[in-house]
Amino acid sequence: MQPAGTNAQPAGAADPAADSGGAGVSGMQDTPPATSTGVTYHADIRPVIEARCLGCHVEGGSGPFPLDTYEAVDAFGGLVVDAVMTRRMPPWLADSSNCRKLKHDQRLTDDQLALFEQWMAEGFEEGDPATYSPIVEAQAPDIGEPTIVATAARPYQLRANYEEYVCLELDASFPEDTYVTAMDLVPEHEEFVHHAIVSSGSGRCSALGTVAENIYSHRPGARTLVFEEGDALLIPAGSQLAVEFHYNTLFTERGADVPTDQSALRLWTLPAGQTPQRVITRYPFHDLTISIPVGATDATAGGSVGMGTASSPPGGGWATGEIIGVTPHMHALGKSFNELVRKADGTEVCLIDVPDWDWEWQLDYFFTEEDVVQTERSDTLIQRCAYSNTAADQPVVDGVQQSPSFTRFGQDSADEMCLGYVWFRYNWSDL
Ligand code: HEC
């Protein structure tokens with residue numbers, strides 16, 4: 001009898017994770033290893049989970065449980081496969097198959113879905129750690145340290161077992177026009193900060209109704225938003241910043257000790273006096289006439305706006321610009337969201353296709369540079385929202401599912417919206 005560990009030595013030395021495979025090695029001398037041609041955790045599932053799930057599903061992350069070991073994934077095996085197969089996870093609502101290709105697309109491919117399905121059918125096999133190789137992703141650009149880090153003046157005391165929307169004004173001032181090349185929001189307590197919407201302008205929380213001022217939305221697992229080289233978003237001189245935080249501590253016990261939060265907005269800006277090559281604006285395309293009767297399953301809203309009309313976004317210039325992305329926004333009754341450009345000859349260019357809306361996941365979608373859409377004065381921007389207002393569609397508030405009621409446009413979560421933030425980019429020289 002050879003010592004059990006001998007054969008495993010080379011692999012173990014190369015990959016520390018192989019140590020955990022030791023338990024299976026003892027039988028190897030007597031019975032040949034089961035030569036599985038099937039799908040295994042280490043060879044097929046782990047690389048996908050590392051690339052698409054661990055941004056959130058780690059200890060202290062925004063996901064409700066870690067998925068960073070075989071044991072953890074195996075423990076939730078059926079649930080994990082179901083979340084993947086139904087595309088609930090990873091959160092990424094836009095379907096690019098007949099629309100724009102998106103930067104950092106998080107959707108699993110159909111082939112990857114098939115692997116998860118087969119892995120379950122074959123009994124969630126662990127496999128050999130030596131067969132693991134990571135999915136290599138493009139490196140994020142090195143943007144150095146932020147130039148502005150802004151927080152609320154005081155830490156905000158959270159309440160246990162509670163969900164709330166709080167507007168906090170940030171301690172930052174902009175004596176001159178400031179051009180932002182990258183931004184993010186760093187939650188002090190990632191597990192409690194569900195969303196945060198940053199607005200620039202009057203900056204006063206009382207004025208937050210003006211969606212035109214929203215410049216950034218944070219959500220769990222968000223990465224730093226880095227504009228292309230030469231691009232920047234303008235914060236005009238005299239602006240102030242406010243953030244509407246959506247805090248959620250519902251999974252803590254009532255009366256438990258919960259911390260204060262003082263999350264930080266980080267901005268990377270151009271040096272004072274420097275102007276960007278291309279300016280970015282976020283145009284809020286709204287429908288204020290929404291009306292959704294009780295029981296409706298096919299209510300719609302939306303609208304169209306000519307690119308050459310006077311109602312240009314702040315900064316102007318959009319008729320001759322480019323559309324680089326869309327951030328769809330609806331509330332709980334939303335079913336689907338589509339945004340497109342209709343050319344003068346009637347052809348339609350898809351901007352974003354969200355076939356299955358989920359109001360928990362308000363994401364920004366940016367097109368790959370090859371898929372950016374040039375606009376002309378004769379173009380029409382079209383937005384389509386669909387809703388369903390049955391008993392089953394209602395949001396759960398404080399553990400109670402609300403009953404359907406006639407629903408109109410409004411800011412409250414019980415109201416609805418059909419709002420697309422269209423990200424425009426135009427040449428500084430065209431202004
Ligand atoms: C952007 C952060 C994020 C990413 C990335 C993410 N999750 Fe989640 N996940 C969450 C959050 C938050 C919840 C709890 C709220 C919810 O269910 O939406 C959750 C819930 C779950 C659940 C339990 C609820 C359900 O819907 O079944 C499973 C299982 C799950 N995630 C699996 C995965 C898998 C597998 C991946 C990768 C393929 C993944 N998640 C990627 C944040 C994330």
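The values are calculated or read from the model by the stated rules, or taken from the named source; none is laboratory data. Since the structure is predicted, the reported quantities are computational estimates derived from the model, not experimental observations. Backbone-built Cβ (ideal geometry, glycine too); neighbour counts: all protein chains shown.
Across the stretch 88-115, the number of residues qualifying as hydrophobic (A, V, I, L, M, F, W, C) and either in contact with a strand residue (DSSP E or B) (Cβ under 6 Å, 6 or more places away or on another chain) or in the same structural domain as Cys350 (by TED's automatic domain parsing) (or both) comes to 4. Among the residues of the stretch 307-329, is any over 30 Å from Phe245 (Cα atoms) and modelled with pLDDT of 95 or more? Among the residues of the stretch 307-329, not one is over 30 Å from Phe245 (Cα atoms) and modelled with pLDDT of 95 or more, which makes the answer no.
Can you pull out the residues in the stretch 173-201 that are away from the ligand (no atom under 15 Å from the Cβ), over 18 Å from Trp268 (Cβ atoms) and crowded, with 20+ Cβ neighbours inside 10 Å? Answer for the stretch 173-201, where residues must be away from the ligand (no atom under 15 Å from the Cβ), over 18 Å from Trp268 (Cβ atoms) and crowded, with 20+ Cβ neighbours inside 10 Å: Ile197, Ser199, Gly201. From the list Glu50, Glu59, the lone residue that is out of contact with any strand residue (DSSP E or B) (no Cβ under 8 Å at 6 or more places or on another chain) and either at pLDDT below 95 or more than 11 Å from the ligand (Cβ to nearest atom) (or both) is Glu59. Residues in the stretch 394-414 that are touching a helix residue (DSSP H, G or I) at 6+ places or on another chain (Cβ under 8 Å) and outside any strand (DSSP E or B) were compared, and the one that is surrounded by the most Cβ atoms within 10 Å (Cβ to Cβ) is Pro404. Among the residues making up the stretch 337-361, those that are surrounded by 19 or more Cβ atoms within 10 Å (Cβ to Cβ) and over 17 Å from Lys101 (Cβ atoms) are Phe337, Trp357.
Taking the criterion of being more than 8 Å from the ligand (Cβ to nearest atom), part of a helix (DSSP H, G or I) and without any contact (Cβ under 8 Å) to a residue 24 or more places away in the chain, the only residue of the stretch 81-110 that qualifies is Asp110. Put simply, of Gly123, Gly127 the only residue that is in contact (Cβ under 8 Å) with a residue 40 or more places away in the chain and of a type in the set (Gly, Ala, Ser) is Gly127.
A quick yes/no check of all residues on (1) assigned to a loop (DSSP other than H, G, I, E, B); (2) more than 16 Å from the ligand (Cβ to nearest atom); (3) at pLDDT 95 or above:
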| position | (1), (2), (3) |
| --- | --- |
| Gly302 | no, yes, yes |
| Val305 | no, yes, no |
| Ala332 | yes, no, no |
| Lys335 | no, yes, yes |
| Val341 | no, yes, yes |
| Asp358 | yes, no, no |
| Gln383 | no, yes, yes |
| Asn389 | yes, yes, yes |
| Ala392 | no, yes, no |
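Pro271 meets the conditions (1) free of Cβ contacts under 8 Å to residues at least 12 places away in the same chain; (2) assigned by TED's automatic domain parsing to the domain that holds Phe337 in every case but one. The failed one is (2). Looking only at the stretch 62-79, residues that are more than 8 Å from the ligand (Cβ to nearest atom) and in a loop (DSSP other than H, G, I, E, B) come to 3 in all. Can you say whether Ser239 is within 29 Å of Glu322 (Cβ to Cβ) and in contact (Cβ under 8 Å) with a residue 40 or more places away in the chain, as far as the supplied structure shows? The answer is yes for Ser239.
Here the condition is being touching a Pro at 6+ places or on another chain (Cβ under 8 Å), of a type outside the set (Asp, Glu) and at pLDDT 95 or above; of Ala72, Ala83, it holds for Ala72 alone. As a summary of the residue check, Gly221 satisfies the conditions (1) surrounded by 17 or more Cβ atoms within 10 Å (Cβ to Cβ); (2) more than 16 Å from the ligand (Cβ to nearest atom) except for the one numbered (2). Taken together, Pro134, Pro175, Pro146, Pro141 contain a single residue that is outside any strand (DSSP E or B), modelled with pLDDT under 90 and of a type outside the set (Gly, Ala, Ser), which is Pro141.
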